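Take a look at the structure below.
The values are calculated or read from the model by the stated rules, or taken from the named source; none is laboratory data. Values in this document were obtained by computation on a predicted structure and should not be read as measured data. So basically every Cβ, Gly included, is an ideal-geometry build from the backbone, and we count neighbours across all protein chains shown. To get the accessible areas, we keep the full protein, side chains included, count just its heavy atoms, and leave off ligands, DNA and RNA. Shrake-Rupley method; radii C 1.70, N 1.55, O 1.52, S 1.80 Å.
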Amino acid sequence: MRIGIYGGSFNPVHNGHIHLARAAAEEFGLEKVYLVPSRISPHRSSAEYVSGGDRLEMLRLACNGDAILEVSSYELDSDRVSYTIYTIKYFRSILPDAELFLLVGSDMLMCFEKWYRFDDILSEVTLCVVSRNEGDLPQLEEKADKLREFGNICISKAKPLEVSSTEIRKKIEKNENYACYLDKNVVQYIRLKGLYSLRGENKFAL
């Protein structure tokens, strides 16, 4: 069984995240992709970072009905720092016979050697990189070559979908239209709960 693990803040989950997960599943023959929202520091502004429960629910809404995508609350439920190596070891413990693939965006590859125990990560999984920006494949291949001594790295040829959670949050706060970047059920959830808006207003949510 080939299993993908895709972590991130998902704050909020947007079409680019779902595109990355589905593109990797198709290209690398993954039977299941687990999306794992990370813990966020309680000292962050609530206008910028919403609760783990809200991020988890938005992920579930965005993945609803997709047979390949599944949401895991492992990092949110953990009582320690959510280093990726621990998440990988967790999935190894519950799926001992699976071939594990760690999905990351192109920006994460460029700083991957700074990750905690990055060499141990690459010894446990195949790193699958999906581009988030047009024209960066040569740069990604060059970076991957420097890291392949530690393990397997695959660069996706899928066309990137350029979307930013930061820009979406800014649009929500400014009451600008953001609905085209998100699943319609996620849009409705943000609107009903008044997320990311200092005034609790999302007039463009629908």
Here is a check on your reading of the model: is LEU30 in a loop (DSSP other than H, G, I, E, B), of a type outside the set (D, E, K, R), modelled with pLDDT of 95 or more and more than 12 Å from the chain's Cα centre (by Cα)? yes
Give the residue that is nearest to the chain's Cα centre (by Cα), with candidates limited to residues of the stretch 138-195 that are more than 19 Å from SER106 (Cβ to Cβ) and among the small types (Gly, Ala, Ser). ALA179
Of all the residues that make up the stretch 152-179, how many are in a loop (DSSP other than H, G, I, E, B) and either on the phi > 0 side of the Ramachandran plot or open to solvent by 80 Å² or more (accessible area, probe 1.4 Å) (or both)? 7
Being within 16 Å of SER156 (Cα to Cα) and either of a type outside the set (Val, Ile, Thr) or within 18 Å of the chain's Cα centre (by Cα) (or both), is that true of even one residue in the stretch 109-119? yes
Of the residues that make up the stretch 144-159, is at least one β-branched (Val, Ile, Thr) and at pLDDT below 90? no
Would you say LEU103 is at pLDDT 95 or above and either of a type outside the set (D, E, K, R) or in contact with a helix residue (DSSP H, G or I) (Cβ under 8 Å, 6 or more places away or on another chain) (or both)? yes
Going by the structure shown, is ILE18 of a type outside the set (D, E, K, R) and either surrounded by fewer than 21 Cβ atoms within 10 Å (Cβ to Cβ) or in a loop (DSSP other than H, G, I, E, B) (or both)? no
Over the stretch 180-206, the set of residues at pLDDT below 90 and at negative phi is SER197, LEU198, ARG199, GLU201, ASN202, LYS203, PHE204, ALA205, LEU206
Contacts under 7 angstrom Cβ, first residue in the stretch 147-162 being more than 10 Å from ASP119 (Cα to Cα), partner in a loop (DSSP other than H, G, I, E, B), 6 or more apart: SER156/SER131; PRO160/SER131; PRO160/ARG132; PRO160/ASN133; PRO160/GLU134; GLU162/ARG132; GLU162/ASN133
